[in-house]
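These notes are about the structure you will find just below.
The values are calculated or read from the model by the stated rules, or taken from the named source; none is laboratory data. Everything quoted here is computed from the prediction, not taken from an experiment. Glycine gets a Cβ as well: all are built from the backbone with ideal geometry, and neighbour counts include every protein chain shown. Accessible surface is based on the protein model in full, side chains and every heavy atom, while ligands, DNA and RNA are left aside. Shrake-Rupley method; radii C 1.70, N 1.55, O 1.52, S 1.80 Å.
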Amino acid sequence: MNDWDDTDAFEQAEKRSLSQMAMGARPTPYLEGLNPAQREAVETLSGPVLMLAGAGTGKTKALTSRIVHLLNTGTARPNEILAVTFTNKAAREMKNRVGGMLGEMVEGMPWLGTFHSLCVKILRRHAELVGLKSNFTILDTDDQIRLMKQLIEAEHIDPKRWPPRMLAGIIDSWKNRAWTPLKVPASDGALFNHKGVDLYEQYQARLKTLNAADFGDLLLHVVTIFQAHPDILQQYQRWFKYILVDEYQDTNVAQYLWLRLLASNHKNICCVGDDDQSIYGWRGAEVGNILRFEKDFPGAHVVKLEQNYRSTHHILGAASGVINGNENRLGKTLWTDKKDGDKVRLIGHWDGEEEARWIGDEIENFQRGTRGHDAVSLDEMAILVRASHQMRAFEDRFLTIGLNYRVIGGPRFYERMEIRDAMAYFRVAVSNEDGLAFERIVNTPKRGIGDKAQQIINQAARENGVSLLEGARIVVEEGGLSARARNSLKQLVEGFDRWTTAIRDGAMSHIEVAELILDESGYTDHWKNDKTPEAPGRLENLKELVKALEEFENLQGFLEHVSLIMDNEQEADTPKVSIMTLHAAKGLEFPVVFLPGWEDGLFPSQRAMDETGQKGVEEERRLAYVGITRAEEFCTISFAQNRRVYGQWQTQMASRFVDELPPEHVDVLSAPGLYGGTSGGATMQSDLADKAAKADAYSSPGWKRMQSRTSGMTVIPSKPRKPLIIDAEAVPDFGIGDRVNHGKYGNGTVIGVEADKLSIVFDGGGAKKILASFVQAEDEVPF
Ligand code: ATP
Ligand code: MG
């Protein structure tokens with residue numbers, strides 16, 4: 001690639017000083033809308049720059065303007081700028097904004113993206129240095145877990161006691177710290193029954209034979225390559241003359257190392273972030289990275305931004321009040337010259353359904369402009385939840401009333417069974433080594449290649465040190481299968497030969513190849529012949545999948561895209577209210593925001609509190625701060641007294657964060673279901689009359705507080721409370737082997753059942769007998 005011709009790059013650099021002078025005369029309208037501090041951050045182009053500032057102060061705007069300034073002044077060409085955003089959605093937005101500000105088509109910003117997408121690009125160029133081929137597959141969590149399960153079983157470890165998910169978590173955390181198996185410190189040696197490091201090594205070896213990488217590998221491999229090959233690192237250091245990073249507070253160690261390696265030469269690195277918005281500690285993010293910036297880059301230019309341009313006075317006041325509850329923070333001044341606006345509204349509901357109904361009605365009110373304000377488009381409204389299981393109530397309600405919504409980052413199209421099957425075919429056709437994908441479809445649709453036949457294929461592959469597809473070819477040639485199995489396996493192997501050739505020789509478009517694969521493999525017919533009610537929908541989805549390919553140059557590009565997207569892509573034709581998790585809402589803003597489910601145990605989440613105690617609560621509080629500061633004009637916080645989580649009623653208490661809201665910025669509304677208010681609360685009440693008596697909800701301290709607030713807003717200092725009461729009569733039905741969670745002891749596996757008592761072995765060590773009503777199924781725990 002001549003892009004990588006260094007002579008060329010240096011010549012360009014020489015010329016640039018002249019072109020810079022010539023370009024310097026170009027108008028800079030994008031600077032005019034910035035305040036002096038932002039301008040300083042934008043115009044200080046050389047050397048390290050840090051913008052550490054509160055929510056909505058225009059960090060992302062300044063960062064985007066900085067890119068425009070680099071381009072506009074001719075200081076850098078688009079491909080010399082490395083810009084990192086947290087999500088693909090943010091990357092797209094930034095690209096669009098850069099184009100908009102320059103007022104012309106930017107010839108692409110090839111190196112603007114997420115850490116993962118940027119690392120994939122680099123890794124494809126040097127894959128062989130870590131034992132992969134450049135067409136390696138990116139595994140999703142599902143594949144990852146399946147692979148780990150195989151390894152765990154091969155070691156004769158009981159996967160019920162030592163679940164693959166746990167191993168995945170441990171390995172991920174090592175990768176987040178950029179530790180290869182050799183670098184894992186001895187202090188972690190006892191993890192996963194003393195087998196963690198060994199399994200990590202095996203797992204990496206398996207990935208290599210599968211020509212695959214998981215998400216953590218994308219960074220780990222690139223960092224490994226940079227560290228082992230200074231010449232390659234230098235190429236990139238020279239190439240990326242300017243580095244910009246948004247949401248720097250949420251970088252993990254591997255990402256931090258990656259950035260430091262790339263910036264260590266020219267040091268033109270500009271990072272922006274907010275320590276109060278660090279919300280990915282649970283995934284290995286280190287807020288210390290941002291706090292240490294000046295040490296890492298001595299002489300850094302530090303810019304403070306204090307004016308919030310996003311939110312009204314009351315919204316900002318409420319957010320600041322909550323975040324003040326955290327002890328470990330830098331503390332920053334934030335002010336706004338926006339109008340006071342409406343106070344943050346607070347409302348308690350009878351249950352989760354009531355909450356969803358009420359919010360649905362409110363959204364329609366905003367949409368119609370019946371609240372004494374101008375009509376608000378659905379695109380300008382968002383519901384931000386703590387746990388994705390909260391979304392279902394809203395989805396159900398909105399489907400019932402015909403309110404358009406989009407779920408961002410929720411269960412996605414690409415996670416559906418038929419889509420995953422189809423993509424597994426594509427994956428094998430693109431990369432014949434992809435054994436996981438091959439396993440998925442070797443007998444889907446059913447073609448008589450049962451477990452036994454698959455074992456024979458596996459064995460042939462292992463013995464000959466080849467991929468499963470090649471193993472299958474050997475089995476076809478050498479026999480060992482029934483005539484039927486052999487015949488259909490032969491067809492499949494020949495099919496892949498044809499499809500791979502079709503992809504490589506380019507005679508057909510990749511869309512035609514995709515259709516060919518789905519037809520010739522019998523997959524489309526399989527759903528055509530299926531008489532279940534879901535079959536037509538699945539066929540529709542397959543059509544949609546082929547449609548989605550149109551946007552890509554080839555199948556590999558498409559597969560890569562799918563494995564990288566975290567946000568739900570939808571047509572932007574009709575306005576829709578957005579539903580997403582608080583985590584996914586980082587960096588975004590909406591005129592109208594609803595924050596439901598502010599209940600202890602749900603938010604702050606029980607798991608965060610159990611696993612990391614006070615630190616966990618502080619991270620949850622930052623999440624509350626992120627939530628409130630997404631709102632521009634209207635923010636409504638709500639909680640429910642009763643919540644049905646996967647079929648079990650639970651009595652909830654208002655979140656401790658509710659009591660931390662400064663009363664002067666809050667308007668307490670009365671609960672509709674309790675005072676005969678709107679939207680059918682009465683029916684709900686009769687439905688739940690007996691539950692109510694049992695739960696005795698009104699006497700809970702959280703509710704009393706609500707009532708006292710209605711009449712004059714008493715501030716009651718928050719005190720430690722029992723976070724979650726589980727309805728004692730709704731005893732869940734557990735069996736041996738079930739995974740459960742206990743508020744105090746964490747996750748464990750049921751090993752015995754005696755009437756209503758369970759014997760549980762906890763992952764953190766120890767076995768206990770516990771009343772079934774005191775635990776929840778592990779996957780019911782909000783997170
Ligand atoms: P967050 O911490 O949530 O990521 P941020 O600091 O990145 O926020 P931006 O998203 O860049 O903030 O800006 C918040 C809002 O303020 C945006 O609507 C942006 O257009 C607007 N804004 C930023 N700077 C200015 C300015 N100087 N004048 C007017 N509006 C501004
Ligand atoms: Mg931002």
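Structure notes:
- Residue match in the range 69-85 (condition: within 12 Å of ligand 1 (Cβ to nearest atom) and either open to solvent by less than 10 Å² (accessible area, probe 1.4 Å) or assigned by TED's automatic domain parsing to the domain that holds residue 273 (or both)): yes
- Residue satisfying all of: in the range 357-398; open to solvent by less than 50 Å² (accessible area, probe 1.4 Å) and small (Gly, Ala, Ser); farthest from the chain's Cα centre (by Cα) among these: 369
- Close pairs from the range 587-599: first open to solvent by less than 10 Å² (accessible area, probe 1.4 Å), partner among the small types (Gly, Ala, Ser) and within 16 Å of ligand 2 (Cβ to nearest atom), Cβ under 8 Å, at least 6 apart: 592/382; 592/631; 593/382; 593/627; 593/631; 594/382; 595/627
- Residue within the range 107-116 that is open to solvent by 40 Å² or more (accessible area, probe 1.4 Å), over 24 Å from the mean Cα position of the chain (by Cα), in the same structural domain as residue 225 (by TED's automatic domain parsing) and closer than 28 Å to residue 558 by Cα present: yes
- Condition met for residue 139 (crowded, with 16+ Cβ neighbours inside 10 Å and either at pLDDT below 95 or over 15 Å from residue 559 (Cβ atoms) (or both)): yes
- Matching residues in the range 43-66 - criterion: being more than 23 Å from residue 320 (Cβ to Cβ) and either acidic (Asp, Glu) or within 15 Å of ligand 2 (Cβ to nearest atom) (or both): 43, 63, 64, 65, 66
- Unique residue being under 28 Å from residue 65 (Cα atoms), within 16 Å of ligand 1 (Cβ to nearest atom) and aliphatic (A, V, I, L, M) when the list is 244, 219, 259: 244
Per-residue answers, yes or no, for (1) more than 29 Å from residue 75 (Cα to Cα); (2) assigned to a loop (DSSP other than H, G, I, E, B); (3) more than 12 Å from ligand 1 (Cβ to nearest atom):
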{"residue": "265", "(1), (2), (3)": "no, yes, yes"}
{"residue": "279", "(1), (2), (3)": "yes, yes, no"}
{"residue": "282", "(1), (2), (3)": "yes, no, yes"}
{"residue": "294", "(1), (2), (3)": "no, no, yes"}
{"residue": "299", "(1), (2), (3)": "no, yes, yes"}
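- Matching residues, the range 142-160, being outside any loop (DSSP other than H, G, I, E, B) and open to solvent by 10 Å² or more (accessible area, probe 1.4 Å): 142, 144, 145, 146, 149, 150, 151, 153, 154
- The range 586-630, subset basic (Lys, Arg) and in a helix (DSSP H, G or I), residue nearest to ligand 2 (Cβ to nearest atom): 622
- Scanning the range 330-349 for residues that are within 18 Å of residue 654 (Cβ to Cβ) and open to solvent by 10 Å² or more (accessible area, probe 1.4 Å) gives 343, 345.
- Selection of the range 200-247 for residues being within 16 Å of ligand 2 (Cβ to nearest atom) and either at positive phi or free of Cβ contacts under 8 Å to residues at least 60 places away in the same chain (or both) yields only 247.
- Qualifying positions in the range 301-312 - away from ligand 2 (no atom under 14 Å from the Cβ) and assigned to a loop (DSSP other than H, G, I, E, B): 304, 306, 312
- Odd one out for residue 276 among (1) of a type in the set (Asp, Glu); (2) within 30 Å of residue 405 (Cα to Cα); (3) within 16 Å of ligand 2 (Cβ to nearest atom); (4) surrounded by fewer than 23 Cβ atoms within 10 Å (Cβ to Cβ): (4)
- Every residue from the range 494-530 that is among the polar types (S, T, N, Q) and free of Cβ contacts under 8 Å to residues at least 12 places away in the same chain: 501, 509, 529
- In the range 331-354, the residues that are closer than 13 Å to residue 628 by Cβ and of a type in the set (Lys, Arg) reach residues that are open to solvent by 30 Å² or more (accessible area, probe 1.4 Å) and at pLDDT 90 or above with C-beta atoms within less than 9 angstrom, at least six apart or across chains, in these pairs: 343/664; 343/667; 345/667; 345/669.
- Complete set of residues in the range 202-238 that are open to solvent by less than 10 Å² (accessible area, probe 1.4 Å) and not aliphatic (A, V, I, L, M): 203, 211, 214, 217, 226, 236
- Any hit, the range 310-318, residues being closer than 30 Å to residue 267 by Cα, open to solvent by 10 Å² or more (accessible area, probe 1.4 Å) and out of contact with any Pro (no Cβ under 9 Å at 6 or more places or on another chain): no
- When restricted to residues that are crowded, with 21+ Cβ neighbours inside 10 Å and either at pLDDT below 95 or more than 12 Å from ligand 1 (Cβ to nearest atom) (or both), the range 27-40 contains 1.
- Residue selection: residue 373 fails the criterion of being under 24 Å from residue 623 (Cα atoms) and in the same structural domain as residue 590 (by TED's automatic domain parsing).
- Residues of the range 452-481 satisfying the condition of being modelled with pLDDT of 90 or more and either of a type in the set (D, E, K, R) or loosely packed, with under 13 Cβ neighbours inside 10 Å (or both): 452, 455, 462, 463, 464, 465, 470, 473, 477, 478
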